[in-house]
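Visitor: The structure that follows is given in the form of structure tokens.
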Amino acid sequence: MIDWKKHERTIQILKNKYVITAILFVVWVAFFDKNDLISRYRDNQTLSKLEEEKDYYIEQIEKNKTDMHDLMSDPENLEKFARENYLMKKDDEEIFIIIREDGSKKVKE
């Protein structure tokens, strides 16, 4: 059996209208508000994922800028890039595409 005498002080504190109001406020903000804890956690996860994507794309932009500079500065690099990536060829050449079992392609002229 529960000895209510021991818990009398706790019961008095919980019956206080200010404590009840504070508890209800905390519960409302934590679970029912538009910006509740679950939404905040989800938003923080989305934000960190987007920041990682941003860093990846900034890195790719820098890489592409250096590649573009290399291609535009040397005509031989531009020709090599066009042959490898777009399968361009000269009039007197033939191109053979070899598809390996692992799915990668190899171009042989």
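Visitor: Looking at the range 5-14, is at least one residue exposed (fewer than 10 other Cβ atoms within 10 Å of the Cβ), more than 47 Å from the chain's Cα centre (by Cα) and not in a helix (DSSP H, G or I)?
Guide: yes
Visitor: Moving on to the next point. If only one of ILE58, ILE98 is out of contact with any helix residue (DSSP H, G or I) (no Cβ under 8 Å at 6 or more places or on another chain) and modelled with pLDDT of 85 or more, which one is it?
Guide: Every option except ILE58 fails the conditions.
Visitor: A further question follows. In the list ALA30, ALA82, which residue meets the criterion of being surrounded by 10 or more Cβ atoms within 10 Å (Cβ to Cβ), modelled with pLDDT of 85 or more, of a type in the set (Gly, Ala, Ser) and not in a loop (DSSP other than H, G, I, E, B)?
Guide: Being surrounded by 10 or more Cβ atoms within 10 Å (Cβ to Cβ), modelled with pLDDT of 85 or more, of a type in the set (Gly, Ala, Ser) and not in a loop (DSSP other than H, G, I, E, B) holds for just one of ALA30, ALA82, which is ALA30.
Visitor: Against the definition (among the basic types (Lys, Arg) and exposed (fewer than 11 other Cβ atoms within 10 Å of the Cβ)), how does LYS63 come out, yes or no?
Guide: Yes: the conditions hold for LYS63.
The values are calculated or read from the model by the stated rules, or taken from the named source; none is laboratory data. Computed from a prediction, not measured in an experiment: that's the story for all the values here. Counting neighbours? That spans all protein chains shown, and the Cβs are built from the backbone with ideal geometry, glycine included.
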